[in-house]
Every structure is written in structure tokens, then in C-alpha cells.
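K.L.:
Have a look at this one.
What follows draws every value from the coordinates through simple rules; no lab data is involved. What you are looking at is a predicted structure, and each value in this text was computed from that prediction instead of being measured. When we count neighbours, we look across all protein chains shown, and the Cβ atoms used for this are built from the backbone with ideal geometry, even at glycine.
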2 protein chains.
Amino acid sequence: MTTAQALEKLKSYEQADFALGHAEGLMFYDGATVAPKGSAEVRAATLAELSRMSYELTTSPETVEMLETLKADSASLDPVTARKVELLYRDYDRTNKIPKDEYIAYSRLMSQSDAVWHEAKEKSDFAMFEPYLQQMFDTNKRIALYIEPGKHPYDTLLDGYERGLTRASCDSFFTSLRQKLVPLIRKVCENAHRVDDAPLQRIFPVEKQRAFSEYVMDLIGIDKNHCILGETEHPFTTDFSKYDVRITTHYHEDMVASSLYSVIHEGGHALYELHTGDELQFSVLGGGASMAMHESQSRFYENIIGRSRGFCGLIFPWLKREFAPLLDDVDDDRFYRMINKSTPSLIRTEADELTYCLHVMIRYELEKRLFEGELRAKDLPGEWNRMYKEYLGVDVPDDRHGVLQDSHWADGNIGYFPSYAIGSAYGAQYKREMQKEFDFDAAVAQGDIKRISDWLEQKIWRHGRMMDPGDLFASVCGKFDPECYVGYLTDKYSEVYSL
Amino acid sequence: MTTAQALEKLKSYEQADFALGHAEGLMFYDGATVAPKGSAEVRAATLAELSRMSYELTTSPETVEMLETLKADSASLDPVTARKVELLYRDYDRTNKIPKDEYIAYSRLMSQSDAVWHEAKEKSDFAMFEPYLQQMFDTNKRIALYIEPGKHPYDTLLDGYERGLTRASCDSFFTSLRQKLVPLIRKVCENAHRVDDAPLQRIFPVEKQRAFSEYVMDLIGIDKNHCILGETEHPFTTDFSKYDVRITTHYHEDMVASSLYSVIHEGGHALYELHTGDELQFSVLGGGASMAMHESQSRFYENIIGRSRGFCGLIFPWLKREFAPLLDDVDDDRFYRMINKSTPSLIRTEADELTYCLHVMIRYELEKRLFEGELRAKDLPGEWNRMYKEYLGVDVPDDRHGVLQDSHWADGNIGYFPSYAIGSAYGAQYKREMQKEFDFDAAVAQGDIKRISDWLEQKIWRHGRMMDPGDLFASVCGKFDPECYVGYLTDKYSEVYSL
């Protein structure tokens, strides 16, 4: 195969690969949004077939020859093509090490496990889910050992979501957070009475909340021609290229802030996708550099922008006017502080900015101990509840509000959770960098979110997966410094709670 | 390849074929329901890729060897497998005659043409759509000639939707309808004042219409665990096996009957799919025997059940109670007659039962003349409007309410329309046959729709594509007799209008 032939082959490979990924993604999206309840098995069968086709495409001798030809001649390739070849080869190498039957069986397991988890959560019945969960951990372990036999399987999984991430770096990261945040959280709790957010629990009609979502999407600059908002039990973002991005939210009549911050969080993911470079579309380079880079965008919009005094000042007049007279007794300052009330709680996705990382840490610790053989799936509810008591001081009333709350383990996303915390910490450094160039808080207060989005687009979004996430972060912010995040949280909450 | 090997191969072929069809179907469904507006091009690219994969699967040497092995040994196969082989070979033979590039290009054309049609319809701008329409007719003609070079291409297309159907049989069918129905319609028009349906144009809140749809789905026995109702501009049904059926409707505040009869019509399609035999699922034998057989179910539920005096008596109390006081001045008899008011009109899908077939006939005549070279796409608006005036006596105000109203031509469904009229006529014969076994009108009036559905399930639904449609119909009703339908309409409308 000549280089020219290989380049042709790369084109057709990318078309097929994109189409299969698009189809798989749409199956998931459909399953989570509108599909009839009784259709899960059929979808699982189709997903298994599509995953078989994907496997065969990725590992076919023709693909391997194409990749090897291009790799050998990589000096002659333009940077985009060279990077594609690098990542595709890496993907091929991982996939090829997994036996085909295992690969397809895993697709089936994911579908089954997700379906069982949904039911188990509804019924708060961990026992029903436990065998699937154990199988999910076992399968992930086997797969990790196929990929890197000489390495600790949990490190392999962490690295799969965030290249370069290890237990050692996670441990050090979470330790530094824990040391500073646990005492801060304690102080905030002692002064809990200083912030009363009761008005946020009033009844805000869902129909008007929907209109509010549309307003907020416009405010943060989401192009609705290429991004829609749906409704699901668990908010998420999915994308089939920058031209088709889907975010979802969930409305609670008595928790107006819940959907608001879901929309901004998923909106941050969406903005990343919507602004990836055109030349990277429909290829392995589209989409974000990594899960942590992705979460760093969503958490940045949700918290560092969305829960700032400036942003609260932007949205409060709309809320006050459209939901009148519900918030007539609340002023700007109180609204900001209500939005930032911190209370150790049960549900990660509803957690405030300060306690959020502890939720993540608990999941990380449990995953690690599972892989180190200290725990089995059956031990998780007990350990979960114990750790929530220890770190957050809350009693878990049932598994629905405990170990069954997240879909990640059911869907095989093991090793993913640390991304949320690392991404959150990245955000504080983005803000510090931006402030060297412009007045961040003033831009938010003036509603000039575009100033911020343009900065992120230039530095991060448009580059897609052109760089490994660690390199990309370093190119923007230099060394990763969790203390910056701790400092940001300490300053913010000291002010909110007048500590 | 031994027969045993070929049977194994058939299994994996069916899995792959089903998965690709499922993915393609879901792409269409997503595009019609929730996808962002700006995503059409991406979807078109994926659909073209999936159609390439489908083509390659259908025509691969391995598939052909499998089919030929099984064909040669068909005496040893069970009836289901033998029928599968027969139909798969027929499909292969058709597909294989179409050059691959033409096949894939056609998939792209369908996506583009559909997107342009949507916009053209919105703007009532036929000129914008015309080149795509001409290309659609040209491509269908070329494809028909690839498949059967010696046959008139329009006959090939008709036969594709309804095996055995020809221009000759359509001509004779439509002639007999026209001869009897045109004078009947004239008489009804002269007595138009005898039925006043003004109350149906009052404002019926959409939220309550949604609840009404749910009630009606229950009434006709739709299993909601496997069938959902969505909302789209144009109602339709799609299915991915009997375990996942989707119907859609469109609500108009001032046309409560519009959504009602969309739900029952699409519900009829859904019932057919939901009751296909389990052993036929995920194969070429799933789904209906043909388009006319499918439309015969939907039109039967919509009209012969849904617009009967008995059914009106079932739903009227719900409407009267839930929409009170909107229908307080209407009694049972008036409600029935309102529902059956016949007025020559512009839009096929909103047409009453009596004039409906003339809408179809006009489309058939236009298609036929296009294929006979008498007309080109550019002539269609003029001819359309002329024929609507001639047969229905109405003036078409713009192309949006005329030639641009249906999606069929935009989507390449040329030769499909006659199915609606033939299916409508089939229904009258079903009723005649049922009445030999039980009191049809009494069953409807008592709400025992299950009695009727069971009959159809036994005679038609469960058989899927085990028989060709003509044979299936003959096995249930004997010879096709359009006079039965004409008689049914004459009796019904003579009574409604006291002629």
C-alpha cells in the first residue's frame, strides 16, 4: 500500500467509523430519552452488532496496513493527519488486544447492566443490581489486563479516560483537597444559618423553567441550530460532531436551581463540542481532549461562571420578573448567597461547589479498593454509607440515594469519576490565566460570556484531540496546581459565609 | 458451503442486516422528531455510509453463496426459513442489479431531497424543490430499469410496493371507484348543509388532546410498553421489530379530530407490527406483508372502526366530559355525523373517508404520466391544481396546500400512493368477512375492539411476510372486489346525509 492509497483508505475508514459511532450514540440517546420501555433488549442486540462491526473495522488487516503505512511515512504527513494516525494506532492497539468475543459480550453487558440499574434504582434494590455490577468490575479488570498485562488494571482504566493519570497522582490530588476542604466544610456547616435558601424550594412551574432554560442557553451563547435541549432522568451531553450536539436536563418544580445548573453544566460540554475545529470533524480528533478537559469546561460554566456574583446578577432579573411574585422578598445579594449555599448532601449531581469533590473522592476510593481486591460489589452499599457519614456527615437513607445514584458503573465508566474533580480544579487555573488578560468578573457581570468563550475556544476547544490532555492543559496554564482551586474555594466560601 | 454452515451464516447475516436497518430507521425517526435543524447533512452522510454497508452485506459473495446453498436445498428447510431464503434472494437480486455507486448516491439524494422539501413546503416554494423532484423521478426510473430492463419502470415500482400490482390493475381499480364515487360525492355536496361540524373547530386545549390520545391508544389495545406516541409535523409509524414501535401525531388546537384520527390510523399500523409472529422477528419476515396490507390495517382502524357510529359512541362521553363545556350542545347522533362530514378539500391526510381515494387517484395519475413521459416535475403544480379542480372541485391556493403537501416523492416513495386506496378498499372486505363470524358493529359499540384485533391477528398480522400480499388477502377474503368498498361508502354516506 502506498502512502497515497493509505490516505484514501483513511478517508473511507473515517467515514465508516464515524457512521458506526453516530449510530451507536444515537441508540444510547434514544434509549435515554424516548424509546419504549420494552425495547431495551432489541437495542442491546443492535448495539452488540454495531460494536462487532466497529471491532472488525478497527482491527481489519486492511486498517492495520493503512495505519502502518502512514505511521512509517509520518514525516510526510500534515500535523492533523499525523495526529489522526497516532491516535488511531493507539485505539487499534488497545482494541486489538481485547478478544473479539469479549469485546462484543461487553457491549451486551453494558446494555443489560444499564437496564437493570435503572430498575434497581427505581426500586432502591441493590441486590438486583449487584451481580451485574460485579460482572462489570470483573470485565473491566480483564479488559485492562488484556490491554496492559504488566500494569495495575485500575491505572490502565484511569489512563484510558485521562492519559497519564495514575492512582498515585489521584491520591496526591485528593489528599491535598481533603486536607484543606474538610476543615473549610466544617466551618461552613457551623455557620449554616448564615445562608437561607428556602425561597429556592418554592414551587417554580416547569413550563416557565423550560423558557428559562432557553434563555440561559442563549445567554451562554449556544447555537440552537446545532444543539437541542431534551429532558431525561439524568442530565447528559452527547454529540455526533459539532453540527449535532444534544444536552438534557431534568426539571423539579421545587428545585429551580437544579435544572438551571444542569443546563449550564451540559451547556459547557456543548460549547466545547460546538467549537471544535472544522478540520477535526468526523474523525478521531473531534470532541474533547479527554474527560477531565470536558468536565473542566462544564464545571467551569456551571460554577466559576454560573455561580459567580456576576452571573447571578445577570439571571436574577429574569427569574424575578417571570416567576413573580415568587422572589419578591429576595434581593441580589441574597440570591447570590442562596445559589451558593453549601450543605453536605447525598446526591453528587445536586451537590454544591464546595462539597462536590468529596462525593467524587468517595467514588474514587471505592473503585480503587475494588480493584485492589479489598472490596467486592456486595460490600459497596455499606462502605458507601460509611464514607458518606465520615466525610460528609450525612446518613444515607437508602441505596437509591446512595450507591445506586450514578449511572457510571452500570455503564462501564469505571475510572471516570476523578475527571470531575480534576476538571473542577482545572477551572480555577483557567480563571487565573484569563485574569492576566482581562477582568473576568467584569466580563461575566456585563454578560460578555463571549469574551470568555472566545478565550477557551482559542486555547482549548478548537484543538479537539490534537494534543494529549496533560500537554494541552500545560500549554494553557502551565503546571497543574490544585492549590489554586483550594484557594478559589476558600476565598469564595469565606466571603459567602463571612468566615 | 454446507446447508448447516449456510444456516449459521443466515443467522449472522440477519443480525447484521437487522442492526443496520435499525440504525437507519432510528436516524430517520430522530431526524423527523428531535434532531437539531442544522444536523441534516451529518445524518445524510451517516445514512449513506450505512446504506453502503447494507449494500455490501446484501451483495457479498458470502451472502450469495449462503442464499444459493439454501435455495438449492430448500426442500429440507422449515417453512419460515424457506420463505426467508425466497425473500432474501429476491432482495439480493434487486439490489445486486443496481450499481453500488447509484445505490449510495440514492441514499444521499433521499436525505437532501427530504431536507429541501421541508424548506420548500414551509416557504411554499416549488421552484426550490423542482430539481430534486425531477432527479428523484429520474433516479427511480433508472433504478427500475436496472432491476427489470424489459418492463415499464412504473410497473416495476408499483410491484416493489405491492407485488403483482400494475398500471392496468390500478387503472381498472381507480376507474371503478371514480365512476361510482364522483356522482356520490356530488350528491353529498349538494346536501352539505345537512351536516354541520362547526363544533369540531372550537378550541380544544392541546394538553387535554394529549391525554385523549393516551385514552384512545388504550381503547384500541396498544401495548405502551412497546409503542410510544411522539409528535411530528407529519404523523407516521416506524418500527424496529414488534418490541419497539413508534407512532406520531400532530395536534391542532382547532381541529380536534385531526390528531384523533392520526392516532387511530397510525395505531392501526402499530397493531399490525405489535402482533407479528415472534418467530418472524428480526428478519425479512417481520413487519407487514406489503404497503397496501399495512394501509389496509391503518385505514380500517381509522375509518371502518374509528368513524363508525359505535366507536363515536365510545369516545364521545370522554370528549364531552373532559372538554366540557365545549360539546355540551352536541348529542351522540350529531357527533357521529360531524365526524363523518364529507367536504372535498385540499389535504389528503385530512380528507374524509369518502373523498380520500380521489386524492390518491390524482397522485397515481400524475406519477403514471410522469413515467410515461407526458409530464416533467415542472409541470406538476399546474396539473395538480387542474385535477383537484376537476375531481374535487377545489381551487388550490398555493403549492404548500397542493403538490408540496406530501413527503412521499421527496423521500423516493414513488408508486406507493395506490397502496392507500387499495388498502382502504380491502377494509370493507375484512368487515364483510368478520360479519360472517360475529356482529361487527355490536363489538365496536361494546368497546370490544379486541374481538376485531384478534381476528386480524389470526388471519393477517401474525403471518408477517410469510405470504405475498395478494395471496394473503385472497386467503382471508377471496377475490379483491372494489365494489364491496363502493357499496360500504354508498350505504354509509347515504345514511349520514339522508340521501
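K.L.:
Between segment A:52-93 and segment A:219-263, what is the separation of their alpha carbon centroids in Å?
P.N.:
That distance is 34 Å.
K.L.:
If we hang a label 7 Å off Cα along the beta carbon direction at B:ALA75, how far is it from the matching labels on the other copies, in nm, shortest first?
P.N.:
Nearest to farthest, the other copies are at 6.9 nm.
K.L.:
If you find the alpha carbon centre of segment B:1-23 and of segment A:319-367, how far apart are they in angstrom?
P.N.:
For segment B:1-23 versus segment A:319-367, the Cα centre distance is 53 Å.
K.L.:
By DSSP, what percent of the beta bridges with both residues in the protein assembly as shown are antiparallel, rounded to the nearest 5?
P.N.:
Antiparallel bridges: around 40 percent, rounded to the nearest 5.
K.L.:
Give me A:HIS252, B:HIS269, A:HIS193, A:HIS359 sorted ascending by neighbouring Cβ count inside 10 Å, so fewest comes first.
P.N.:
Final ranking by Cβ density, sparse to dense: A:HIS193, A:HIS252, B:HIS269, A:HIS359.
K.L.:
Using all Cα-Cα distances in segment B:3-147, what percent lands in each 5 angstrom bin from 0 up to the longest?
P.N.:
That works out to 2, 9, 15, 17, 16, 14, 11, 7, 5, 3, 1, 0, in percent per bin.
K.L.:
Using θ = phi - 60° and the Karplus relation 6.51 cos²θ - 1.76 cosθ + 1.60, list the HN-Hα couplings for segment A:432-447 in order, rounded to whole Hz, with x at every Gly or Pro.
P.N.:
Running phi through 6.51 cos²θ - 1.76 cosθ + 1.60 with θ = phi - 60° gives 4, 5, 4, 5, 5, 9, 7, 7, 4, 4, 5, 4, 4, 4, 7, x Hz.
K.L.:
Which ³J(HN,Hα) values, rounded to whole Hz and listed in residue order, are derived for segment A:398-406 from phi using the Karplus coefficients 6.51, -1.76 and 1.60 in 6.51 cos²θ - 1.76 cosθ + 1.60 with θ = phi - 60°, glycine and proline given as x?
P.N.:
The phi angles translate into 7, 5, 4, 9, x, 5, 8, 5, 9 Hz.
K.L.:
Using the Cα gyration tensor of segment A:167-496, with a ≥ b ≥ c the square roots of its eigenvalues, what is the shape: rounded (a/c below 1.5), prolate (a/b larger than b/c) or oblate (neither)?
P.N.:
rounded
K.L.:
Now a separate question. Nearest beta-carbon of B to the rotation axis carrying it onto A: which residue, how many whole Å?
P.N.:
B:ALA23, 2
K.L.:
While we're looking at this one, here's another question. Which residue, A:SER407, A:ALA351, A:LEU366, has the largest displacement toward the positive end of the dipole of the protein assembly as shown when charges sit on each Cβ (Lys, Arg +1; Asp, Glu -1)?
P.N.:
A:ALA351
K.L.:
Next up: Tabulate in residue order the Karplus-calculated ³J(HN,Hα) for segment B:34-46, using 6.51 cos²θ - 1.76 cosθ + 1.60 with θ = phi - 60°, rounded to whole Hz; enter x for Gly and Pro.
P.N.:
10, 3, x, 3, x, 9, 4, 5, 5, 4, 4, 5, 5
K.L.:
What is the set of long-range amide H partners of B:GLU231 at a cut-off below 5 Å, with H atoms built 1.01 Å from backbone N?
P.N.:
Counting only residues 5 or more places away or on other chains, the set is B:THR249.
K.L.:
log₁₀ I(q)/I(0) of segment B:11-87 at q = 0.19, 0.24 Å⁻¹, via Debye over equal Cα point scatterers, no solvent, to two decimals?
P.N.:
Results for segment B:11-87 at q = 0.19, 0.24 Å⁻¹ read -0.83, -1.07.
K.L.:
Okay, next question. For the pairs A:LYS37/B:LYS224; B:LYS84/B:LYS479; A:LYS100/B:LYS100; B:LYS97/B:LYS151; A:LYS208/A:LYS320, note any where the Cα-Cα span goes beyond 20 Å.
P.N.:
Correct reply: B:LYS84/B:LYS479; A:LYS100/B:LYS100.
K.L.:
In deg cm²/dmol and to the nearest 500, what is the mean residue ellipticity at 222 nm of the protein assembly as shown if only DSSP H runs of at least 4 residues count, each as -39500 (n - 2.57), divided by the residue total?
P.N.:
-20500 deg cm²/dmol
K.L.:
Provide Rg and Dmax in Å for the protein assembly as shown, with only Cα atoms included in the calculation.
P.N.:
Over the protein assembly as shown's Cα set, Rg and Dmax evaluate to 31.3, 91 Å.
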